[in-house]
Amino acid sequence: MLLTSSLVDASRLQFALTAMYHWLFVPLTLGLGVLIAIFETKYYISKEEFWKKTTQFWSRIFAINFACGVATGIILEFEFGTNWSNYSWFVGDIFGAPLAIEGIFAFFMETTFFAVMYFGWNRVSKGFHLASTWLTAIGANLSAYWILTANGWMQDPRGVAFNPMTARNEMTDFWDIVFSPTTISKFGHSVFSGFLVAAIVVIAICSWYLLKKREKEFSLKSIKYASVFGLFAIAMLMVTGHTSAQTVSKTQPMKLAAMEGLYRGQNGTPFVAFGILNPKKEIDNEEKPFLFKIEVPKILSFLAFSDFNSFVPGINDIIDGGYIYKDKNGEEKLALPFNEKVRKGEIAKRALAVYGQFKDKPNGAQKDTVLAQAQSYLDENFDYFGYSFLKSPKESVPNVPVTFYSFHIMVMLGGYFILFLLIAFWLNKKKIIENKRWFLFIAIISVPLVYICAEAGWVVAEVGRQPWTIQDLLPVNASVSGVSSGNVYTTFIIFVVLFTTLLIAELMILFRQIGKGPDGIKWN
Amino acid sequence: MTTYHFLQLYWWAIVSILGAVLVFLTFVQGGQTLLWGTAKNEDEKRILLTIFGHKWELTFTTLVTFGGAAFASFPLFYSTSFGGAYWLWILILLSFVIQSFSYEFRSKERNLLGKKTYETFLMINGIVGTILLGVAVATFISGGNYAMDKMNITTGSSNIISYWTNNYRGLELIFKPFNLLLGVVVFLAARTLGLLFTFNQCSKMEGEASKNLANRALSKVKVTGVGFVLFFVAFVVCLFLTTGYRVDTASASFNGINGPIVEEKFAYLHNMLGQWWIAAIFLIGVVLVLVALIRTVFKEKSSFYLAGLGVVLAVFAILLTVGFANMAYFHSLYDINSSLTLYNSSSSLYTLRTMAWVSLAVPFVILYIAYVWRKMTQK
């Protein structure tokens, strides 16, 4: 069976579709869960019926959305097996654990207490109900932690050793994986983006009410909490965005270069604040990378290494090697050129093949010698194992335009939301927000923008990691299952139809529920 | 026994418990099949949707956790079965995906597809989903058409570690009589449990609709329950007559991971007879199910929990005989030495040990689930 790029494309397309649909539903769950818990806490303390209604209204929105998140989530989990079966064996020893822990610790917590939060108003005490709402919110965010542990490890594999006996990577340090700086940054950045999405959605729905001159008290109070919540989220997004950039610069320099359209680095590299890429630019021609750009001097060096004069390697630097960099452990090293990495990868692969031929042979001196030698070649070269599957330097570069534009769209929208939330907070504080119809309109338009922002972040993370599924260890073309691309395209189309129908149905139901308002919702 | 092998057995047992609980929790799927036929009007449908709608997430979460635990402890199974029997697993997934939003969306206004479609989704999940789950479990015994070689990662043209050797990609598994038989057993078990739960809940409720449902559930249990028992007996007979495959750990070439796989007639019967405690769990399970059905049919006493416990024990015992005693728990029909055993498919000692610590949390999870269940179901 020959692996065609078509199979890899189909598998990636299907995974991207599922992940992006999943991320349409999940961020709202992450943030709205916490907001609902805050509203219910207000109810628990004040005993005002108003807060109960507020809690219930947002719970209904949460529930409709939650079902869709669950529907897309299960496919993601199983897709690792169905479509990425090589990957599942090669790193399953590490990757499976966080998924299992997510199920045991977080997902059960979320769904069990969600049932109480949603159906339990007349069945359990107020205190138990409040605790359940908090546990639902905590469960959802805890869930995110374990999933991002898994994802963080793909970006920054650590705490493992390769075992040639089983031809796979095996876990050697659980805590190193769980508390990896990449994971912590990713968790913070993803979860707070969920908080931001929830804040914007709440403000937008309430703005619509205010435009319609309905639900005034409900809307003003919801906006008050949501704008503070949103400002908190965006502050945290800036912090985690910065730490993410720092981890990326250490572990995925190629991704950082693609994010910035940086082909040749320098000491004191500027940050491209806005730019239009030159579509003719390739890694092997001398075209200028940009048709137009606005730069901020030395900022990229600072963002990446906290030093205005540090060297940030560009795409061609990484391919050519020859510069000094600090590895994960802080040791200074000379960067290898692409061809050398491929050579080392091939040595590792050959050593593994030899190991494989001898490992099941009867014991004896010859076997011991061969295995020991193969092992030493592996130890020396395994860090570049994944390069043995790449043929040309081009294959080691992610799609620059997609990575660059996604990153800049995310950053620009982030800036927009800082401004938006400050204005929302201020107008609300001055009690004039309901008269500012222009702002209420903008609030509604901001909903698609916040989703674009959140999705763009994931595009940067995942497209920017290409060609790797596991950074440097395994590229996508060695990760897929041996299914024919026709089968994968068929399931892809099924998922497109199913998820799109699901999304349209969800939106129609949501709009209807929003139209009914907090007073119109019948509670069972 | 080495610590490593002990942990492999331990994790097989954990995955087996999850699988057994999952089969029990398909009472939700069984309950969904009552929407058409058993429920005669909207009021009755609403009651069914309420009592099962408060529980569906539990089944769903168990399925996800089962997947996660299988991945963490036996990644080669995840990789071989899911990646190989592609369509079987995709169909199972789809049948669960269409369930997940149907409860919430069905009763809402402007839900795009209409009530009937969401009910159809729930029916498909209830019938097709349970049958296919049974088929998937049956492959533990009947095997699959695949070849597996971990060293394939080092080959140039095709580096697929395990691949399916026919183009049906698992669809063919659905049409094997033995697999289908277990599929029907799981479906009937789910429906029987669904009827028992309906009876259990509705007989406590006030009102005409719930009384009607309780009575209808009771009379339907007589037919479905008997069908379940008959098909189950047929399955057990087939299971005990089936040839199994074992890794020969006594062989000189066994190295703790790989070894020669040998064929053995009546292997599963031998496993039961040779491991008395598994046989005991199995018998207790079967007796509990029978007692529960007899109590329901003849004394009209609600016996859902008794039957549920019985199903959990019986399935647990069957899954143990499938993996314990050096069995190849998913044998290859293409190349017997590619077969998956606990030895060659498990995670490393370090991971299994770490996850064993994690598994200590499971009783607490079960405890709070049981607590919430009681709180939410007693009225």
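Of all residues in region A:135-145, count the ones that are within 12 Å of chain B (Cβ to nearest Cβ) and either buried (at least 24 other Cβ atoms within 10 Å of the Cβ) or of a type in the set (S, T, Y) (or both).
Step one: of region A:135-145, the residues within 12 Å of chain B (Cβ to nearest Cβ) are A:135-136, A:139, A:143.
Within this subset, residues satisfying the condition of being either buried (at least 24 other Cβ atoms within 10 Å of the Cβ) or of a type in the set (S, T, Y) (or both) are A:136, A:143.
Number satisfying all stated conditions: 2.
Do we find that B:I294 is β-branched (V, I, T) and within 26 Å of the chain's Cα centre (by Cα) in this structure?
Yes: the conditions hold for B:I294.
Return the only residue of A:G486, A:G482, A:G457 being surrounded by 14 or more Cβ atoms within 10 Å (Cβ to Cβ), in the same structural domain as A:Y21 (by TED's automatic domain parsing) and either part of a helix (DSSP H, G or I) or among the hydrophobic types (A, V, I, L, M, F, W, C) (or both). Show your work before the answer.
Details: A:G486 fails: surrounded by 14 or more Cβ atoms within 10 Å (Cβ to Cβ); A:G482 fails: either part of a helix (DSSP H, G or I) or among the hydrophobic types (A, V, I, L, M, F, W, C) (or both).
It is A:G457.
Criterion first (open to solvent by 40 Å² or more (accessible area, probe 1.4 Å) and not aromatic (F, W, Y)) does A:V239 satisfy it? Full working, then the answer.
Details: open to solvent by 40 Å² or more (accessible area, probe 1.4 Å): yes; not aromatic (F, W, Y): yes.
Considered against the rule, which asks whether it is open to solvent by 40 Å² or more (accessible area, probe 1.4 Å) and not aromatic (F, W, Y), A:V239 comes out as yes.
Give region B:93-110 a look and list any residue that's among the small types (G, A, S) and open to solvent by 10 Å² or more (accessible area, probe 1.4 Å), or say none.
The first filter runs over region B:93-110 and keeps only residues among the small types (G, A, S), leaving B:95, B:100, B:102, B:107.
The one that is among the small types (G, A, S) and open to solvent by 10 Å² or more (accessible area, probe 1.4 Å): B:S107.
Restricting to region A:329-342, count the residues that are surrounded by 16 or more Cβ atoms within 10 Å (Cβ to Cβ) and out of contact with any helix residue (DSSP H, G or I) (no Cβ under 6 Å at 6 or more places or on another chain).
2
Determine which single condition A:N477 fails, assuming it passes every other condition in (1) modelled with pLDDT of 95 or more; (2) assigned to a helix (DSSP H, G or I); (3) under 25 Å from the mean Cα position of the chain (by Cα).
Against the list (1) modelled with pLDDT of 95 or more; (2) assigned to a helix (DSSP H, G or I); (3) under 25 Å from the mean Cα position of the chain (by Cα), A:N477 comes up short only on (1).
Give A:S125, A:S132, A:S193, A:S207 a once-over and let me know the one that is out of contact with any helix residue (DSSP H, G or I) (no Cβ under 6 Å at 6 or more places or on another chain) and hydroxyl-bearing (S, T, Y).
Details: A:S132 fails: out of contact with any helix residue (DSSP H, G or I) (no Cβ under 6 Å at 6 or more places or on another chain); A:S193 fails: out of contact with any helix residue (DSSP H, G or I) (no Cβ under 6 Å at 6 or more places or on another chain); A:S207 fails: out of contact with any helix residue (DSSP H, G or I) (no Cβ under 6 Å at 6 or more places or on another chain).
Exactly one of A:S125, A:S132, A:S193, A:S207 is out of contact with any helix residue (DSSP H, G or I) (no Cβ under 6 Å at 6 or more places or on another chain) and hydroxyl-bearing (S, T, Y), namely A:S125.
Could you check region A:466-497 and list, in sequence order, the residues that are without any contact (Cβ under 8 Å) to a residue 40 or more places away in the chain and either facing chain B (nearest Cβ under 7 Å) or of a type in the set (V, I, T) (or both)? Talk me through it step by step, then tell me what you get.
Start the filter on region A:466-497 by keeping residues that are without any contact (Cβ under 8 Å) to a residue 40 or more places away in the chain, which leaves A:486-487, A:490, A:493-494, A:497.
Hits for region A:466-497 are A:N487, A:T490, A:I493, A:I494, A:V497.
Working carefully through the options A:A374, A:A443, A:A351, find the one that is under 26 Å from the mean Cα position of the chain (by Cα) and among the small types (G, A, S). Walk me through how you get there before you give the answer.
Numbers: A:A374 fails: under 26 Å from the mean Cα position of the chain (by Cα); A:A351 fails: under 26 Å from the mean Cα position of the chain (by Cα).
Step by step, each of A:A374, A:A443, A:A351 is checked, and only A:A443 is under 26 Å from the mean Cα position of the chain (by Cα) and among the small types (G, A, S).
If we only count helices (runs of 4 or more DSSP H) wholly inside region B:71-154, which ones have 1 or more residues that are within 8 Å of another protein chain (Cβ to nearest Cβ)?
Those helices (runs of 4 or more DSSP H) span B:86-100, B:102-106.
With the condition kept exactly as written, say whether any residue in region A:319-328 is among the small types (G, A, S), surrounded by 13 or more Cβ atoms within 10 Å (Cβ to Cβ), touching a Lys or Arg at 6+ places or on another chain (Cβ under 9 Å) and outside the structural domain of A:G457 (by TED's automatic domain parsing).
Filtering region A:319-328 down to residues among the small types (G, A, S) leaves A:321-322.
Retained after the next criterion (residues that are surrounded by 13 or more Cβ atoms within 10 Å (Cβ to Cβ)): A:321.
Subset that is touching a Lys or Arg at 6+ places or on another chain (Cβ under 9 Å): A:321.
Pick out the ones that are also outside the structural domain of A:G457 (by TED's automatic domain parsing) and you get A:321.
Within region A:319-328, one or more residues are among the small types (G, A, S), surrounded by 13 or more Cβ atoms within 10 Å (Cβ to Cβ), touching a Lys or Arg at 6+ places or on another chain (Cβ under 9 Å) and outside the structural domain of A:G457 (by TED's automatic domain parsing).
Check off (1) over 21 Å from A:R465 (Cα atoms); (2) buried (at least 22 other Cβ atoms within 10 Å of the Cβ); (3) in contact with a Gly (Cβ under 8 Å, 6 or more places away or on another chain) for A:F192 and give me the number that stays unchecked.
Unmet condition: (3).
A:F385 versus (1) open to solvent by 20 Å² or more (accessible area, probe 1.4 Å); (2) part of a helix (DSSP H, G or I); (3) outside the structural domain of A:L210 (by TED's automatic domain parsing): which is the lone unmet condition?
With respect to (1) open to solvent by 20 Å² or more (accessible area, probe 1.4 Å); (2) part of a helix (DSSP H, G or I); (3) outside the structural domain of A:L210 (by TED's automatic domain parsing), A:F385 is out only on (1).
Restricting to region A:100-111, and then to whatever is at the interface with chain B (Cβ under 7 Å from one of its Cβ atoms) and open to solvent by less than 10 Å² (accessible area, probe 1.4 Å), can you tell me which residue is farthest from the chain's Cα centre (by Cα)? Walk me through how you get there before you give the answer.
Step one: filter region A:100-111 for residues at the interface with chain B (Cβ under 7 Å from one of its Cβ atoms), giving A:100-105, A:107-108, A:111.
Of the ones still in play, those that are also open to solvent by less than 10 Å² (accessible area, probe 1.4 Å) are A:100-101, A:103, A:111.
Numbers: A:A100: 19, A:I101: 19, A:G103: 19, A:T111: 22 Å.
Here the answer is A:T111.
Considering region B:344-359 alone, what residues qualify as being in a helix (DSSP H, G or I), at the interface with chain A (Cβ under 7 Å from one of its Cβ atoms) and under 24 Å from B:H331 (Cβ atoms)? It would help to see each step written out before you state the result.
As a first pass, look at region B:344-359 and keep what is in a helix (DSSP H, G or I): B:344-345, B:349-359.
Retained after the next criterion (residues that are at the interface with chain A (Cβ under 7 Å from one of its Cβ atoms)): B:350-351, B:354-355, B:358.
Within region B:344-359, no residue meets the criteria.
Is there a residue in region A:71-79 that is open to solvent by 10 Å² or more (accessible area, probe 1.4 Å) and within 7 Å of chain B (Cβ to nearest Cβ)? First the steps, then the outcome.
Residues of region A:71-79 open to solvent by 10 Å² or more (accessible area, probe 1.4 Å): A:73, A:76-77.
Now narrow it down to the ones that are within 7 Å of chain B (Cβ to nearest Cβ): A:77.
Yes: one or more hits.
Which members of region A:119-134 meet the condition of being in a helix (DSSP H, G or I) and at the interface with another protein chain (Cβ under 9 Å from one of its Cβ atoms)? Give the derivation first.
To start, the set of residues in region A:119-134 that are in a helix (DSSP H, G or I) comprises A:119, A:126-134.
Answer for region A:119-134, where residues must be in a helix (DSSP H, G or I) and at the interface with another protein chain (Cβ under 9 Å from one of its Cβ atoms): A:F119, A:F128, A:S132.
Identify the residue in region B:158-171 that is open to solvent by 60 Å² or more (accessible area, probe 1.4 Å) and outside any loop (DSSP other than H, G, I, E, B) and, among all such residues, is farthest from B:D335 (Cα to Cα).
Of the residues in region B:158-171, the ones open to solvent by 60 Å² or more (accessible area, probe 1.4 Å) are B:163, B:167-168, B:171.
Within this subset, residues satisfying the condition of being outside any loop (DSSP other than H, G, I, E, B) are B:163, B:171.
Numbers: B:Y163: 12, B:L171: 19 Å.
Here the residue is B:L171.
Tell me, which residue of region A:504-521 that is of a type outside the set (G, A, S) and more than 10 Å from chain B (Cβ to nearest Cβ) is nearest to the chain's Cα centre (by Cα)? It would help to see each step written out before you state the result.
So in region A:504-521, the residues of a type outside the set (G, A, S) come out as A:504, A:506-514, A:516, A:518-519, A:521.
This time we only want the ones that are more than 10 Å from chain B (Cβ to nearest Cβ), so: A:514, A:518-519, A:521.
Details: A:I514: 29, A:P518: 33, A:D519: 37, A:I521: 34 Å.
Top of the filtered list is A:I514.
Looking at this structure, is B:G30 facing chain A (nearest Cβ under 8 Å) and over 24 Å from B:K108 (Cβ atoms)? Before the answer, list the steps.
Numbers: facing chain A (nearest Cβ under 8 Å): no; over 24 Å from B:K108 (Cβ atoms): yes.
Against the criterion (facing chain A (nearest Cβ under 8 Å) and over 24 Å from B:K108 (Cβ atoms)), B:G30 does not qualify.
Return only the number of the condition from (1) among the small types (G, A, S); (2) away from chain B (no Cβ under 14 Å); (3) under 23 Å from A:A140 (Cα atoms) that A:A67 does not satisfy.
Among (1) among the small types (G, A, S); (2) away from chain B (no Cβ under 14 Å); (3) under 23 Å from A:A140 (Cα atoms), the lone unmet condition for A:A67 is (2).
Does B:S210 satisfy being open to solvent by less than 20 Å² (accessible area, probe 1.4 Å) and assigned to a helix (DSSP H, G or I)? Full working, then the answer.
On the way: open to solvent by less than 20 Å² (accessible area, probe 1.4 Å): yes; assigned to a helix (DSSP H, G or I): yes.
Here the answer is yes, as B:S210 does meet what is asked.
Would you point out the residue of region A:158-176, among those that are open to solvent by less than 20 Å² (accessible area, probe 1.4 Å) and within 17 Å of A:W468 (Cα to Cα), that is farthest from the chain's Cα centre (by Cα)?
Step by step, filter region A:158-176, then rank; the result is A:R168.
Might you let me know whether region A:161-174 holds any residue that is small (G, A, S), outside any loop (DSSP other than H, G, I, E, B) and in contact with a strand residue (DSSP E or B) (Cβ under 8 Å, 6 or more places away or on another chain)?
Initial filter on region A:161-174 (small (G, A, S)): A:161, A:167.
Filter once more, so that each one left must be outside any loop (DSSP other than H, G, I, E, B): A:161.
Restricting the remaining residues to those that are in contact with a strand residue (DSSP E or B) (Cβ under 8 Å, 6 or more places away or on another chain) gives A:161.
Yes, region A:161-174 contains a residue that is small (G, A, S), outside any loop (DSSP other than H, G, I, E, B) and in contact with a strand residue (DSSP E or B) (Cβ under 8 Å, 6 or more places away or on another chain).
Going through B:A70, B:A20, B:A39 one at a time, which residue ends up being of a type outside the set (K, R), more than 29 Å from B:T249 (Cβ to Cβ), in contact (Cβ under 8 Å) with a residue 40 or more places away in the chain and crowded, with 21+ Cβ neighbours inside 10 Å?
Values: B:A70 fails: more than 29 Å from B:T249 (Cβ to Cβ); B:A20 fails: more than 29 Å from B:T249 (Cβ to Cβ).
After applying the criteria, what remains is B:A39.
Only strands (runs of 3 or more DSSP E) wholly contained in region A:279-380 count here; list those with 3 or more residues that are of a type in the set (A, V, I, L, M, F, W, C). I'd like the intermediate steps shown before the answer.
Working: elements: A:290-296, A:324-326, A:332-334.
The qualifying strands (runs of 3 or more DSSP E) are A:290-296.
Restricting the first residue to region A:238-266 and requiring it to be at positive phi, which pairs with a second residue that is crowded, with 22+ Cβ neighbours inside 10 Å meet a Cβ separation below 8 Å and a spacing of at least six or different chains?
Close Cβ pairs (under 8 Å, with a partner that is crowded, with 22+ Cβ neighbours inside 10 Å) amount to A:G261/A:V272; A:G261/A:V400; A:G261/A:F404.
The rows are residues; the columns are (1) within 16 Å of B:V297 (Cα to Cα); (2) at pLDDT below 95; (3) open to solvent by 20 Å² or more (accessible area, probe 1.4 Å).
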residue: B:L173; (1), (2), (3): no, no, no
residue: B:L180; (1), (2), (3): no, no, yes
residue: B:V185; (1), (2), (3): no, no, no
residue: B:L195; (1), (2), (3): yes, no, no
residue: B:K204; (1), (2), (3): no, yes, yes
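The values are calculated or read from the model by the stated rules, or taken from the named source; none is laboratory data. Note that the structure is a prediction, hence the values are computed from the model and not measured. For neighbour counting, all protein chains shown are included, and Cβ atoms are generated from backbone atoms with ideal geometry for every residue, glycine included. Ligands, DNA and RNA are stripped out before the accessible areas are found, and what is left, the full protein with its side chains, is counted by its heavy atoms. Shrake-Rupley method; radii C 1.70, N 1.55, O 1.52, S 1.80 Å.
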